[in-house]
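The values are calculated or read from the model by the stated rules, or taken from the named source; none is laboratory data. A quick note: this is a predicted structure, and the numbers were derived from the prediction, not measured. Glycine also receives a Cβ, built like all others from the backbone with ideal geometry; neighbour counts cover every protein chain displayed. Surface areas here come from the heavy atoms of the whole protein model, side chains and all, with no ligands, DNA or RNA. Shrake-Rupley method; radii C 1.70, N 1.55, O 1.52, S 1.80 Å.
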Amino acid sequence: MEKKERKKVQILKLETESNNLDDISCLFFQKGIMGSFLLISIFSLLLRVAVSLHSYSGAGSPPKFGDFEAQRHWMEITTNLPIKDWYFNTTNNDLSYWGLDYPPLTAYQSYFHGLFLKYFDPNSVSLFTSRGYETCFGKLLMRWTVLSSDLLIFFPAVLYFVLVYYGGTRSGLNKSDVAWHIAYNCISLGLTLGAVAAVLSQKDLLACVLFCLSLNHKQEIGSRSSFEGVLKTSDVCSVIPYVLLTENLRAGNLLSQIRLDEDCDNVFSRKFAEGARLRVLSESEIDLRSSFEEVVNMMHYQCLTTLIKGWKNNDLAMVTTLAQQMSAYYAPAFFSHLFGSCLRRKNPLLEVFKLGLAVVGTFAIVWWPYLHSRDAIFGVLSRLAPFERGIYEDYVANFWCSTSVLIKWKRLFTTHSLRFLSLVATILAFLPSMIQQVLAPSSKGFLYGLLNSSFAFYLFSFQVHSAAASARNLVDYGIAWCVLYVSNAFCIVLYVSSSVS
Amino acid sequence: MEDHRKTKKTITLNLLWFFGISTCVKLLLIPSYHSTDFEVHRNWLAITHSLPLSQWYIDKTSAWTLDYPPFFAYFEYILSFFANLVDPQIVDLEKGLNYKAESVVLFQRLSVIVCDLVLLYGVYRLSKNFFVGFKERVLLWVLVVWSPGLVIVDHMHFQYNGFLLGLLMLSISYLMEGRDLMGGTYFAVLLCFKHLFAVAAPVYFVYLLRHYCWKGFVKGIGRISVLGAVVGAVFAAAYGPFVHHGQMQQVIRRMFPFGRGLCHAYWAPNFWVFYILLDKGLAFLLRKLGLNIPVPAASFTGGLVGDSSPFAILPQVTPLTTFVMVLLALSPCLIKAWKNPRPESVARWIAYAYTCGFLFGWHVHEKASLHFVIPFAIVAGNSLEDARHYFLLSIVSCYSLFPLLYEAQEYPIKVLLLLLHSVLMWHGFSAQFTKDATAKATVPAKKTSKQVGLKGSSGATVEKGGFRIGWIGRCYLFGLMVVEIWGQFLHPYLLGDKLPFVPLLLISTYCALEIMYSWIWQLRQIMVSN
């Protein structure tokens, strides 16, 4: 309206410039938790869809194509073969061509997605003939299956978590944007996050079921690539505030998220495993560069842990690091917390029994088709990742790798004793928080426990993989990365502003 | 002064953030679907690069002849230099036909993204000078820089609207500042880029005459001649070379292809949709009553073929009719502009002019709705009614663009863009109108318009001060969802391939309702303001 008047007003009052950052967050997050959830989930969905316009890994590269083909092949197998044949080598199921090697829940997911594909495009999942099937429509359908699983499982889980975790506190509103942002897109992760939320809201049985489901979905998710490691170098070297560190962690997460998108859901980890195996083949591959990156990674973690102590809202960091680990990593924390809280109840034995029943029940339901004989169970088990890939694969994990610069572990010990050593070290590392949780279970302690046990596994266990991003990846994801970095930086601004207020 | 510089710096920085984020989304959208407009522009690159100027408007190698005014041709000429550096095949008249390599996609897409900087500058000027409150400023950025319509039309469907609208915004910002000469010049430049923007020329003419030139006899004559000289110079720069080659008639014939029909292939949601529907309905009724009504031979989209009319009952519509109707619709606004030429109202008037052009114009393309939605964003945050009106209008205008992207791959993108835009607007307007106490303190002028008119259709929730769209608005949006669900899912499922035009017709008609309403609302708003 009266623009001239306004102009005068403008010169008199240069209002809002000092607290303008406040205003941005207030603009976008003033509709409460649901409002910001809507905003962030729509934006992240938009990013996912936009990224899905681009190519995927293994496009047009016969004979094995890539992870995209692996996923599609699983759908082909699960929709065409009877359930008992899924994991076994038969005339119709050639396990050497992207055989199913994830737990049953993943297979069921493939089955449902396969049904979806079959309905719209039967050719894309027909047995044998569909190998290397690459049409625009097929690709589109595959992308949509990923999106739908995000939408149905991951987003609600995040919402649940945030409502439980931040819902009560007054400052929750401001924090929520940070929590939202940890939007990784794995189903397994969604389930884990749901389980954490359930624990925090004291719904132990639900937590048990969700966690078992997440264990059954897949054993691992891709943790981090050395590309991200390089990114973090700068952070660790120049000691910048902790907040930024977590923000960058988040950047890393977003990066892996987008790659997961690219790779069509959960096959990401597969790639890692392959990468790891390749490296094992040529011993010299574990060169100085990669070990340097491992060191940096570890330094980063150490930095993080020490900084956590000094920071009062440290729980946030746990949430962020949480997601980078395998869901199995959290097992000790879940176990100890749930066990500990059962012991506090009136009828400890009954409570433990109930939880046990929930665990066994969930596993039984998921594994039902294979429970008819021992062979079937072991057959499936042998297909699952850790066993075949060898949990004791000669690939050195973080702590071992980074210290091997000083101590030549491999020369000093045999593989067998190394294996034992790492087991002991891992257990020792997560034991304190476990004991603490059994003795005095608490929400905060539980979160610490999650962090602690995942660190323990990450640092000391044997089979952590860390794949190097190839040059091709760098180019491929360059644009995507640019987007993420900017949006992430934007979130830093939001975050800093909210934490200041 | 120190403070002032600081303000400028923060505005620039923040605006760059907004632009950066939108640029990233645009970059991600590079591989998405693009229409024939893409080939049109590529062909223009080839024409301007490989032919001498005298052949530009004569060449017929491709069906997509050059039909924009000369400045746009010059613009393509400059771009073609870079295109030639990137990949010479892009600018090859023969070999480049329907060239679809990665290089050409990347080049053209990037050129659109870079040209959006003009829009950014326009927005920057506006926000620097007229948007005191931080929230209002951010709102403007959300509405313009993150406009989903622009993303759909420019960065997916392909065109250079962001750049052209940027010129319009620049012109408006100068007018609002009171620098009429600059504003007029920019508008003249804009007209030489794309003549479709000429719909607002009467408003400019009346406003400039009254506000700039009407200053006593001697001063007035002086100013008229200055303005005339500047505008004349702009047009001379554009058309001079073609006048020199004696091609003016040819250029004009190319620019105004009246051989096209009243409606575009997909009917833009405007007044003529109702007119055509009325005609069809009447013909159907009369036929039922036993009258012998011949089926018209011509189609609405096909253009004028001889004397045959596409209408069975209602009188034929000619380009002249539409022209008169647009002028008639504009006249109240022109009178207002003459009586009380206030710089603050210029944006509103210009938006209104484009609305009229959209509603009553000849062969209107649905993309033209951007011409009024974007300028209207300037005044959207002024009052609660404006906000409510804009909220619906911009959703509908974006929705009416949906048929442009008909492939399955882009479906989630357009839906998410619209959803994101709606949620952002909802948040932005809510933020602006809940903390009324602070808003009052900074902008007392806002109250005046608030008391004048309540939004007719929605419930009177003004006294609360919160942003609500009222039950009619909500019902309308619900209807929009029903239309979309019907068109996308129920129609193909229930009717299969029968009546394939119904979903599009529904969209046109339903959106036209809101645009008609918006027109009436704007007219009323202009009439009651003083």
FRET efficiency estimate (nearest 0.05) - Cβ-Cβ, B:Met481 to A:Asn89, R0 41 angstrom = 0.25
Dimensionless Rg ratio for chain B, taking C-alpha atoms and the 2.2 N^0.38 Å reference = 0.99
Shielding by partners for B:106-114, please: the mean number of other protein chain Cβ atoms within 10 Å of each residue's Cβ.
-> 0
Ranking B:His244, A:His337 from most to least accessible area with a 1.4 Å probe gives B:His244, A:His337
Label A:Tyr97 and A:Ser55 with points 7 Å out from Cα along Cα→Cβ: what is the distance between them in nm?
-> 2.3
Under the 7 Å Cα-to-Cβ spin-label approximation, B:Lys100 and B:Lys498 lie apart by a distance in nanometres of 3.5
B:Leu513-B:Ile221 pseudo-label distance in nm [points 7 Å out on the Cα-to-Cβ vector] = 5.8
Mind checking the alpha-carbon convex hull of the range B:121-213 and giving the volume per residue in Å³?
-> 92
Given the peptides A:361-369, A:68-76, arrange them by the average over their residues of other C-beta atoms within 10 Å, most packed first.
-> A:68-76, A:361-369
